[in-house]
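Working notes, structure below.
Since every read-out is calculated from the coordinates, none of them should be taken as a lab result. Note that the structure is predicted; figures quoted are calculated from it, not measured. Virtual Cβ from ideal backbone geometry, glycine too; neighbours counted across all protein chains shown.
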Amino acid sequence: MGLNGLGGLGGNNQNNQPQTQTTGLGGLGGLGSGLGGANQNTASKPVSLKKGQKVSLKKAASDMGLDANTLSKIHIGLGWDTNKFDGKDFDLDVFTFAVKGNGKVRNEKDFVFFGNKQPAGLGIALSGDNRTGQGSGDDESVLADLNTVPAEIQKIIFAITIYEGKERGQNFGMVENAFVRLVDQNTNKEFLRYDLSEDYSLETAVVVGEIYRHNGEWKFNANGSGFNDGLPALCACYGVDAE
């Protein structure tokens with residue numbers, strides 16, 4: 001399946017400026033101004049995972065005192081900082097793959113990126129684009145309504161890539177403080193977090209985490225897997241034709 005208009009993969013930043021905040025997904029388009037400090041006023045701390053650990057979303061939410069039965073609309077925030085010792089600008093982007101049980105997308109619409117930010121009927125939307133990684137809080141985010149994700153979709157994969165990483169001599173060894181966090185949209189409370197502490201070197205793309213179905217419930221896997229060939233390698237892995 002081809003991705004018409006994808007052109008130079010990851011090159012959203014020159015000619016594809018983010019549009020006005022998308023709406024839909026039952027109001028998921030509005031992120032709300034308080035998400036950046038979602039867990040600052042709670043006594044409980046979010047569940048913190050290390051690479052390879054898995055946890056039920058309902059359990060993590062319950063540990064934060066949230067009503068796990070109403071957990072559905074989730075803000076997935078991703079952030080990072082870059083070391084600028086090479087003198088070149090960094091451009092990191094978030095990509096999401098919604099895949100079936102065989103680990104492949106159904107079609108190109110299950111690949112959520114700057115040119116396909118809110119596919120109809122998928123229950124997933126990409127919001128925002130921070131080109132530099134500067135500032136605190138989330139650099140980019142994904143909104144998901146798990147109750148509306150099609151039953152065929154068994155896993156939602158979240159990845160960060162460095163645009164033209166090889167050409168610019170950049171890799172994730174130059175990226176630090178990368179994280180992914182999950183926030184309950186109903187309460188604006190962060191209930192799960194994975195801080196990537198791995199020492200990457202040549203990798204230009206990293207799968208930071210996955211939300212997946214298991215025995216009728218959603219779980220999170222702190223993946224942290226690196227790819228040397230950037231976005232094309234991710235597309236090949238998950239069945240997206242990038243030509």
TODO: Just need the relative contact order of segment 193-233 here, percent rounded to a whole number, with Cα pairs under 8 Å and 6+ apart.
DONE: 43 percent
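How would you classify segment 135-174 from its alpha-carbon gyration tensor, with a ≥ b ≥ c the square roots of the eigenvalues: rounded for a/c under 1.5, else prolate if a/b is greater than b/c, otherwise oblate?
oblate
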TODO: Set the Förster radius R0 to 51 Å, insert the Cβ-Cβ distance between N147 and N83 as r into 1/(1 + (r/R0)^6), and round the FRET efficiency to 0.05.
DONE: 0.80
TODO: Starting from the Cα of K50, draw a straight line to each of the lysines and keep only those under 20 Å, dropping any in the same chain fewer than 8 residues away.
DONE: K58, K59, K155, K219
- [ ] First obtain the Kirkwood hydrodynamic radius of segment 45-237 from its Cα pairs, then insert it into the Stokes-Einstein equation at 20 °C and 1.002 mPa s, and state the resulting D in µm² per second as a whole number.
- [x] 128 µm²/s
Task: Q53-D241 pseudo-label distance in nm [points 7 Å out on the Cα-to-Cβ vector] - done: 4.2 nm
Task: Contour excess over end-to-end distance, with Cα ends at S44 and N228 and 0.36 nm allotted per residue - done: 62.5 nm
- [ ] Express in nm, to one decimal, how much length is gained between K100 and E198 on full extension, taking 0.36 nm for each residue of separation and deducting their alpha carbon distance.
- [x] 32.5 nm
